[in-house]
Amino acid sequence: MSGGLGRFVLNLSDRSATRKLFTQTSAGRKLSLRFVAGETLDQAVTAAVHLNASGALVSLDHLGEHVAEATAAEAARDDYLACLDRIGSEGIDANISVKLTQLGLGFDDRLAAESLAALADRARSVGTTVSIDMEESAYTEATLEAFEVVQDRFGNVGVAVQAYLYRARADVDRLVRRGGQIRLCKGAYAEPPEIAFAKKNDVNRNFDALARVLMRSSEVTPAIATHDEERIDHARRLGGMRQRPWEFQMLYGVRPTLQRQLISDGYPLRVYLPYGSAWYPYLTRRLAERPANLGFFLRAASRR
Ligand code: FDA
């Protein structure tokens, strides 16, 4: 995330009055449905089946983060296990994306690690993979360490790298030795200039440089996660020289026409598909990336 307006939106959304405005109004819930499949696993499965039929791969994200109790972390793990079982029983071409703070990272790291291992194990038994989202910088190192342990054990785990972080280049150099799918994204949180590029151009330059390193690696499967056409064109050029698998990834509801175009051009595209009732923090990041999305909310609210 970069840009003053986006940062303003993220700060504003921390306030409980703003949260209520979105979560307790029909306009807020309608806006969430642009980016979220629904609140239930059944709704997510229906959306995933449609996406598969349109030629897209899927990554199912059961929304939630920063849980503060073991029971909530265990419930999140169990929800994901149920999700993996549905992927297997319905034959959906999907993996799962998880946030480690939803599994307990930050207050019980051992529980988070055990839950991640349980998910990787179940994913392996249904023939799929687990992708770890990257959260705020306070969790970067712990997330990478958890990834390394579980990837070494199960071999079906991936992790995201945020191009806005200065440390991203060193992280990519470290990760390419591990294998797995490495998702390159720009980064969606408000990070200070001591650790992250503040200017869009710098983030973009770093994104392209990291894409080059990943695309040249024979150990990892690069996932280029962006809706930015210049970054996509750059990745297409790199992909033309690559013999091994790689894919594009985009968020559900963001630039659907571009998504269809890439599929019809023959590129593998995975759609990140969130579902669940804890959609508010996810929605605020989508608003911060493109504050114009607020217009949809304001128009719907004014019609009430
Ligand atoms: P940029 O923000 O420059 O957007 C390019 C264009 O895309 C915009 O001009 C606009 O047209 C469109 N666009 C972008 N965002 C939009 C939105 N919300 N609504 C409407 N249009 C929009 N981040 C993170 O920190 N950790 C993670 O694990 C992940 N995981 C992840 C997975 C996948 C599959 C994707 C695509 C993205 C992430 N992200 C993420 C989010 C990522 O870091 C970043 O915040 C967003 O992708 C927006 O950046 P772009 O690369 O799309 O470029």
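The values are calculated or read from the model by the stated rules, or taken from the named source; none is laboratory data. If you're wondering where the values come from, they're calculated on a predicted model, not measured in any experiment. Cβ sites come from the backbone with ideal geometry, for glycine too, and all protein chains shown count toward neighbours. We work out accessible area using only protein heavy atoms, side chains counted, and drop any ligands, DNA or RNA first. Shrake-Rupley method; radii C 1.70, N 1.55, O 1.52, S 1.80 Å.
Here Met215 fulfils each of the conditions (1) open to solvent by less than 20 Å² (accessible area, probe 1.4 Å); (2) closer than 17 Å to Gly158 by Cβ; (3) within 16 Å of the ligand (Cβ to nearest atom); (4) in contact with a helix residue (DSSP H, G or I) (Cβ under 7 Å, 6 or more places away or on another chain) apart from (3).
Within the stretch 247-254, is even one residue over 15 Å from the mean Cα position of the chain (by Cα) and open to solvent by less than 20 Å² (accessible area, probe 1.4 Å)? No, that holds for no residue. Across the stretch 49-59, which residue is farthest from Arg122 (Cα to Cα) among those that are open to solvent by 30 Å² or more (accessible area, probe 1.4 Å) and in a loop (DSSP other than H, G, I, E, B)? Restricting to residues being open to solvent by 30 Å² or more (accessible area, probe 1.4 Å) and in a loop (DSSP other than H, G, I, E, B), the top hit is Ser54. The residue of the stretch 172-212 that is least open to solvent (accessible area, probe 1.4 Å), among those that are within 18 Å of the chain's Cα centre (by Cα) and of a type in the set (Lys, Arg), is Arg183. Just one of the listed residues (Thr226, Thr257) is among the polar types (S, T, N, Q) and near the ligand (Cβ under 10 Å from one of its atoms), and it is Thr226.
Counting only helices (runs of 4 or more DSSP H) that sit completely within the stretch 60-154, those holding 3 or more residues that are under 15 Å from Tyr275 (Cα atoms) correspond to 70-90. Give just the number: which of (1) within 16 Å of Ala53 (Cα to Cα); (2) more than 10 Å from the ligand (Cβ to nearest atom); (3) of a type in the set (Lys, Arg) does Arg270 not satisfy? The failed condition is (2). Screening Asp79, Asp42, Asp93, Asp85 for residues that are under 28 Å from Tyr139 (Cα atoms) and at pLDDT 95 or above leaves exactly one candidate, Asp79.
One residue is enough: does the stretch 216-230 have a residue meeting the conditions in contact (Cβ under 8 Å) with a residue 40 or more places away in the chain, touching an Asp or Glu at 6+ places or on another chain (Cβ under 7 Å) and not assigned by TED's automatic domain parsing to the domain that holds Gly4? Yes, the stretch 216-230 contains at least one residue that is in contact (Cβ under 8 Å) with a residue 40 or more places away in the chain, touching an Asp or Glu at 6+ places or on another chain (Cβ under 7 Å) and not assigned by TED's automatic domain parsing to the domain that holds Gly4. With respect to Thr284, determine if the residue is under 30 Å from Phe22 (Cα atoms), within 12 Å of the ligand (Cβ to nearest atom) and exposed (fewer than 14 other Cβ atoms within 10 Å of the Cβ). Spelling it out, it is not the case that Thr284 is under 30 Å from Phe22 (Cα atoms), within 12 Å of the ligand (Cβ to nearest atom) and exposed (fewer than 14 other Cβ atoms within 10 Å of the Cβ). Applying a threshold of 8 Å to beta carbon distances and a minimum spacing of six or more residues, or different chains, the list of pairs starting in the stretch 133-156 at a residue that is farther than 14 Å from Arg174 by Cα and without any contact (Cβ under 8 Å) to a residue 60 or more places away in the chain and ending at one that is part of a loop (DSSP other than H, G, I, E, B) and of a type in the set (S, T, N, Q) reads Asn156/Thr128; Asn156/Thr129. Taking the criterion of being over 18 Å from Trp246 (Cβ atoms) and among the polar types (S, T, N, Q), the only residue of the stretch 176-202 that qualifies is Asn201. From the list Arg260, Arg270, the lone residue that is surrounded by 22 or more Cβ atoms within 10 Å (Cβ to Cβ), touching a residue at least 60 places away in the same chain (Cβ under 8 Å) and not hydrophobic (A, V, I, L, M, F, W, C) is Arg270.
Just to be sure before I move on: is Arg260 more than 27 Å from Val49 (Cβ to Cβ), in a helix (DSSP H, G or I), modelled with pLDDT of 95 or more and of a type outside the set (Phe, Trp, Tyr) in the structure I sent? So Arg260 does not fit the description; no. Could you tell me whether Tyr280 is of a type outside the set (Lys, Arg) and touching a strand residue (DSSP E or B) at 6+ places or on another chain (Cβ under 7 Å)? In short, no.
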